[in-house]
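Here the structure is laid out as structure tokens; the discussion comes afterwards.
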Amino acid sequence: MSKRAKKNEQEAGDGDHDNGTAPAAKKGKKVKEPEAPILYSDPPDKMNSKDGRAANMKITSWNVDGLRAWVKKKGLDWVRDEAPDVLCLQETKCAEKSLPDEITSMPEFPHKYWAGSDEKEGYSGVAMLCKTEPLKVTYGIGKEEHDKEGRVITAEFPTFFLVTAYVPNSGRGLVRLDYRKTWDVEFKVYLSDLDKRKPLVLCGDLNVAHEEIDLKNSKGNKKNAGFTAEEREGFNQLLAAGFTDSFRELYPEQANAYTFWTYMMNSRSKNVGWRLDYFVLSSALLPGLCDSKIRNQAMGSDHCPITLHMVV
């Protein structure tokens, strides 16, 4: 194995997800006609909570799969149209010194916070851009093993915490699954401790499709990163600790609603995807939940943005 091949195997391609597509038909067998894709149409935004209060906080989260490339693909134009109060980004893959001027100078978000990998430039990384200055901002979860990869930013606002996270991928061949299991346990403890102080919103790429409804090819992916029993159980444990998946709270039966599509095999046009990006809420915030959106028409990354409307 060459040094480069070995390095690629060790890094295990953060962000690796299989399509689970069936292998090519054997010679002589009749090839089945491809099915017409079942697409998801994001319904009109609901701007009121169930008890009739009007939304006053809008948060958008987007795994941009490389900030510099995403800026060149006009991602910021979409953000300006969406006009959230807070923009959270994951997989920025960009050291703070290399950030594009187009984003560092954005007047719409005067308060900007960045976290990146200490050891590998161009790896991982998250950002939070705010219209209103938070009371306090912290980085990581207080565990050096995890925090050196630049995966979490937490902002404290008057009535809630906002946590954006890029959860570690278990990697091709599940080479980081053991590490991921440790992360899931320690991240849940971190969130639970915050929740004792103030309710929280967690957003970002959580790198798990929770149930079979959350990806196109569930049968073919049970041993692949993002849909292993261990990762799904980690998410179960988070929900059991008093947190709620906001999209499923509002749309429990909605199938074909995905936020990630591999660049291979025209997966996005076929809507062969995964729902990996979430807004997870403390139970105390549920009365103020208005809508949880999947903006699957927005291009510029292998993920699409998601947006939360809530009353705070």
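The values are calculated or read from the model by the stated rules, or taken from the named source; none is laboratory data. All figures in this text were calculated on a predicted structure; none of them were measured in a lab. So basically every Cβ, Gly included, is an ideal-geometry build from the backbone, and we count neighbours across all protein chains shown. Surface areas here come from the heavy atoms of the whole protein model, side chains and all, with no ligands, DNA or RNA. Shrake-Rupley method; radii C 1.70, N 1.55, O 1.52, S 1.80 Å.
Summary of computed values
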{"item": "Considering residues of segment 39-90 that are part of a helix (DSSP H, G or I) and small (Gly, Ala, Ser) only, the residue farthest from the chain's Cα centre (by Cα)", "result": "Ala69"}
{"item": "Inter-residue pairs, beta-carbon under 8 Å, first farther than 24 Å from Tyr278 by Cβ and in segment 54-81, second of a type in the set (Gly, Ala, Ser), 6+ apart", "result": "Arg68/Ser98; Lys74/Gly300"}
{"item": "Of all residues making up segment 200-241, the number that are open to solvent by 30 Å² or more (accessible area, probe 1.4 Å) and within 30 Å of Lys136 (Cα to Cα)", "result": "5"}
{"item": "Tabulated pairs, segment 218-229, first in contact (Cβ under 8 Å) with a residue 60 or more places away in the chain and more than 12 Å from Leu177 (Cβ to Cβ), second outside any loop (DSSP other than H, G, I, E, B) and of a type in the set (A, V, I, L, M, F, W, C), C-beta under 8 angstrom, 6+ apart or interchain", "result": "Asn221/Leu215"}
{"item": "Counted residues, segment 105-123 - those being surrounded by 15 or more Cβ atoms within 10 Å (Cβ to Cβ), under 26 Å from Leu135 (Cβ atoms), in contact (Cβ under 8 Å) with a residue 24 or more places away in the chain and not aromatic (Phe, Trp, Tyr)", "result": "3"}
{"item": "Output for segment 77-104, where each listed residue is more than 19 Å from Ile153 (Cα to Cα) and open to solvent by less than 10 Å² (accessible area, probe 1.4 Å)", "result": "Val79"}
{"item": "Subset of segment 125-147 [open to solvent by less than 60 Å² (accessible area, probe 1.4 Å), out of contact with any strand residue (DSSP E or B) (no Cβ under 6 Å at 6 or more places or on another chain) and in a loop (DSSP other than H, G, I, E, B)]", "result": "Gly125"}
{"item": "Residue list for segment 269-312, restricted to those being of a type in the set (Lys, Arg), open to solvent by 20 Å² or more (accessible area, probe 1.4 Å) and under 17 Å from the mean Cα position of the chain (by Cα)", "result": "Arg295"}
{"item": "Filter pass, Thr21 being in a loop (DSSP other than H, G, I, E, B), among the β-branched types (Val, Ile, Thr) and at pLDDT below 75", "result": "yes"}
{"item": "Cross-chain or 6+ apart pairs with Cβ under 6 Å, segment 247-262 first and over 25 Å from Val64 (Cβ atoms), then assigned to a helix (DSSP H, G or I)", "result": "Ala255/Ile213"}
{"item": "Wholly enclosed strands (runs of 3 or more DSSP E) of segment 171-288 bearing at least 1 residues among the aliphatic types (A, V, I, L, M)", "result": "200-205, 277-282"}
